[in-house]
């Protein structure tokens, strides 16, 4: 076999294997991952380059600074251990600079933001920030989420965790999937 043909064959196989392995990992997290529900806000921006999606911003965006966290500077990788509270919603129990494992551990990016009420605080960047919807359903979902937020109703992100990977699987409004509510034409 000529070297050029061998290089082409390897490139062609890699072109298919890389996306398929990403899809396989994503689906594995969805099917085997630990289900957590996180309170969030979900306004719907329109971005012509990225399409329609609900922007997901978990309510818990800051925590007390863990021991040894560097002040200022670049973002740092941290491992957050989440726990489910009485209302069934997950909150960050602890943050570690060293890798930890467990069914409810999620890697996050953190940055020192300053001192609040005498406590050093870090801000968190979650590994998900968009929930994509069908282009036809997104405008209805936008209206529905805005109406429910005005009424003071809770928006919850449903997330699956497995081996440090997080996949956002749904947005719930009062415990019902936003997709189902939009399809039903609910208010």
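What follows is calculated from the coordinates using simple rules that are stated; it is not laboratory data. Because the structure is a prediction, the values reported are computed rather than measured. A quick note on method: Cβ atoms are made from the backbone with ideal geometry, for glycine too, and the neighbour counts reach across all protein chains shown.
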For the chain, built as a Gaussian network whose Cα springs stay under 10 Å, the top-fluctuating residue of 119, 104, 81: 119
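Residue 12 to residue 81: extension gain in nm, 0.36 nm per residue of separation minus the Cα-Cα distance?
20.8 nm
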Projected label distance in nm at residue 55 and residue 130, using a 7 Å step from Cα toward the beta-carbon: 1.2
Residues 142, 86, 170, 151 arranged by fewest to most Cβ contacts within 10 Å: 86, 151, 170, 142
Distribution of pairwise C-alpha distances over the range 62-153, 10 Å bins, in %: 14, 33, 28, 21, 4
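What number, rounded to the nearest 500 deg cm²/dmol, is the helix-based mean residue ellipticity at 222 nm of the chain, given -39500 (n - 2.57) per DSSP H run of at least four residues and division by all its residues?
Values: 3 runs with 50 residues, N = 187.
Value at 222 nm, helices only, nearest 500: -9000 deg cm²/dmol.
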Residue order, fewest to most surrounding Cβ atoms within 10 angstrom, among 71, 37: 71, 37
Among 35, 82, 137: highest mean-square fluctuation, GNM of the chain, C-alpha pairs under 10 Å: 137
Tail weight of P(r) past 27 Å, computed on alpha-carbon pairs of the chain, percent: 42
